[in-house]
Every structure is written in structure tokens, then in C-alpha cells.
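Colleague: Dumping the structure here so I can ask a few things about it.
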Amino acid sequence: METRIKGDEMHRKSLFLGSLFLAAALVAPLAIRANAAPQQLSVRFYDRDHRDYHNWDDREGRYYTDYRIEHPRYAVNFSKTKRSQQKQYWKWRHTQPDRD
């Protein structure tokens, strides 16, 4: 009788450990995904003169801020400027070295 109780106890421990590992294996991908950095949505603008696309991100925003300081009449967000103003910005932007 004593042997059967020890055997049942060992069986319960192995079932418990197996369940614990299974739960950890199922939860781990969720924990990793929850900690991942959220993806930033990027807006792209097409530069017709240079025939290239520009992703508008924080870096491009800093360049545009510099441009607005040099050119005070561009006191609005880039997306609200006229096409001719955007054209002037891209012309200026292609003369600037990337600071990355």
C-alpha cells in the first residue's frame, strides 16, 4: 500500500510539472509579443523631381524643423504645404547630408 501512494505521488508531480511546462510554452509567445515595441506607421512622400520616396519619420521631421527655421514662410506642417513648397523642401533636403 505504501508503494502505491508513493507511485501516485510521483505521477501527480510529473503531471503537475508537465502542465507547468505546457502552460509556460503557451504563454511565452504572448509575453514576447506584449513586450515588443509597437510598430510606427510611416507616411511616405514621393519626390517627383528626384524620383524617390521619403519616409516621414522623426528624423525627417527634424530636417523639416531645420528647414522651417531657415525658411520662416513654411510655418505649417509639411502635409499641408502646397506642392511647389514641398518641391522646394525636397530640393533643399537632397543637398543636406544625412546625420545618422
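The values are calculated or read from the model by the stated rules, or taken from the named source; none is laboratory data. Being a predicted model, the structure only gives us computed values, none of them experimental. Cβ atoms come from the backbone with ideal geometry, glycine included; neighbour counts cover every protein chain shown. The area values use the complete protein model at the heavy-atom level, side chains included, leaving out ligands, DNA and RNA. Shrake-Rupley method; radii C 1.70, N 1.55, O 1.52, S 1.80 Å.
Colleague: Could you check segment 2-48 and list, in sequence order, the residues that are charged (D, E, K, R) and at pLDDT 80 or above?
Modeller: Answer for segment 2-48, where residues must be charged (D, E, K, R) and at pLDDT 80 or above: 12, 13, 44, 47, 48.
Colleague: How many of the residues in segment 68-85 are open to solvent by 60 Å² or more (accessible area, probe 1.4 Å) and in a loop (DSSP other than H, G, I, E, B)?
Modeller: Here the count works out to 6.
Colleague: Quick one: in segment 69-85, of everything that is of a type outside the set (S, T, N, Q) and out of contact with any helix residue (DSSP H, G or I) (no Cβ under 9 Å at 6 or more places or on another chain), which residue is nearest to residue 49 (Cα to Cα)?
Modeller: Filtering first and then ranking leaves 83.
Colleague: Follow-up question, since we're still on this one. Can you name every residue in segment 46-59 that is without any contact (Cβ under 8 Å) to a residue 24 or more places away in the chain and under 18 Å from the mean Cα position of the chain (by Cα)?
Modeller: 55, 56, 57, 58 - these are the residues of segment 46-59 that are without any contact (Cβ under 8 Å) to a residue 24 or more places away in the chain and under 18 Å from the mean Cα position of the chain (by Cα).
Colleague: What's the total number of residues in segment 56-67 that are modelled with pLDDT of 90 or more and open to solvent by 80 Å² or more (accessible area, probe 1.4 Å)?
Modeller: 1
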